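Student: Here it is, the structure, as C-alpha cells.
The values are calculated or read from the model by the stated rules, or taken from the named source; none is laboratory data. Because the structure is predicted, anything quoted here is derived from the model rather than measured. Neighbour counts are summed over all protein chains in view; Cβ atoms, including those assigned to glycine, are modelled from backbone coordinates with ideal geometry.
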Amino acid sequence: MSFNIAIDGPAGAGKSTIAKRAARELGFVYVDTGAMYRAIALGLFRSGIDVEDEGKLSEALTQIEVSIRYENGEQQVYLNEENVSGLIRTEEVSRMASVSSAKPLVRNKLTDLQRGLARRENVLMDGRDIGTVILPQAQLKIYLTASVKTRAGRRYKEYLERGEHCSLEEIEKDIEARDFNDMHRETAPLRQAEDAVLVDSSDLSVDEVVAQIVSLARERM
Ligand code: DC
C-alpha cells in the first residue's frame, strides 16, 4: 500500500517549497494540487466564459483536460496537450483560480486524478482539502500555517527581489481576503483536519520545518 502525506494550509505559508523538499528527502512524488486548479483556471480564463453561469461552466469544462507529468523530477502541469507550468503563476490566473476552485464542478474534475495518483505511489500532496476531503486516510497530515504578517513579509520580499513594486499593506489585505475565501467557501473549505499535526512556520526556517515533517513521516512509515 502506498504511504500518503497530506499538507494543507493557507496561501503563502511556504507549503510548496517545504513540500517539494520534504518529498525529495523522503523519495516521495510531490503533487502540487494548486497547479491543477491553476491550469483549469487558465483554461476557463481563455474560454472567456462567465464562471458564475453553471451551464457555460459545465460546457467549458468538457473542453478542459488537466494532467500532470514528471520531467527531471519536477511536476509539469498540462492543459489538454500544452505544458502550462510557466503560465499559471500570474495574478490573473491566481484570481481566477480563487473563484473557480470554489465551484463543485471544478473540484469534482480533479478529485479522481488526485486520488488515483495517491493510490499508485507514495505521494506528498499539498493543497487546501487534501487531509479533509481527498485523502482522509493519509498516514500523515500536516496543517502548515504562519501568521498573516509573516506570510505578507515573505511575499513582499519575493516581489522586491523580482524588482516589482508593491505595498506591504496591500499584500496583507490580499492575504486576509484569500484566507477568508478559502476558509468560508461552501465546498471543501480550508480547515485543519482533526488528526492533522499543526505546524506554524512563523518562527521556523524552511530547514526546520522540512526536518520536522520528514521525521514525523519516518516515525510512521
Ligand atoms: O496553492 P495555490 O495558490 O497554487 O492554489 C491556487 C488556488 O487553488 C487557490 O485559490 C486555492 C485553490 N486550491 C484549492 O482550492 N484546493 C487545493 N487542493 C489546492 C488549491
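Student: Being within 30 Å of Lys173 (Cβ to Cβ), more than 15 Å from the ligand (Cβ to nearest atom), of a type in the set (S, T, N, Q) and surrounded by 14 or more Cβ atoms within 10 Å (Cβ to Cβ): is that true of Ser16 here?
Tutor: no
Student: Applying the selection to the range 176-196, what residues are touching a Lys or Arg at 6+ places or on another chain (Cβ under 7 Å) and more than 12 Å from Pro10 (Cα to Cα)?
Tutor: Residues satisfying the conditions are Thr187, Ala188, Ala193, Asp195, Ala196.
Per-residue answers, yes or no, for (1) in contact with a strand residue (DSSP E or B) (Cβ under 6 Å, 6 or more places away or on another chain); (2) part of a loop (DSSP other than H, G, I, E, B); (3) away from the ligand (no atom under 15 Å from the Cβ):
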{"residue": "Arg24", "(1), (2), (3)": "no, no, yes"}
{"residue": "Ala35", "(1), (2), (3)": "yes, no, no"}
{"residue": "Phe45", "(1), (2), (3)": "no, no, no"}
{"residue": "Gln63", "(1), (2), (3)": "no, yes, yes"}
{"residue": "Tyr70", "(1), (2), (3)": "no, no, yes"}
{"residue": "Ser85", "(1), (2), (3)": "yes, yes, no"}
{"residue": "Ile88", "(1), (2), (3)": "no, yes, no"}
{"residue": "Ser94", "(1), (2), (3)": "no, no, no"}
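Student: Out of the range 140-172, which residues are modelled with pLDDT of 95 or more and of a type in the set (S, T, N, Q)?
Tutor: Thr145, Ser147, Thr150
Yes/no per residue for (1) surrounded by 13 or more Cβ atoms within 10 Å (Cβ to Cβ); (2) within 16 Å of the ligand (Cβ to nearest atom):
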position: Leu117; (1), (2): yes, yes
position: Leu124; (1), (2): yes, yes
position: Gly127; (1), (2): yes, yes
position: Val133; (1), (2): yes, yes
position: Ile142; (1), (2): yes, yes
position: Lys149; (1), (2): no, no
position: Arg154; (1), (2): yes, yes
position: Gly163; (1), (2): no, no
position: Cys166; (1), (2): yes, no
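Student: Same structure, new question: Out of all the residues in the range 25-63, which are within 20 Å of Gly14 (Cβ to Cβ) and in contact (Cβ under 8 Å) with a residue 60 or more places away in the chain?
Tutor: Glu25, Leu26, Phe28, Val29, Tyr30, Val31, Asp32, Thr33, Gly34, Met36, Tyr37
Student: In the range 34-61, what residues are among the hydroxyl-bearing types (Ser, Thr, Tyr) and surrounded by 22 or more Cβ atoms within 10 Å (Cβ to Cβ)?
Tutor: Within the range 34-61, Tyr37 is the sole residue that qualifies.
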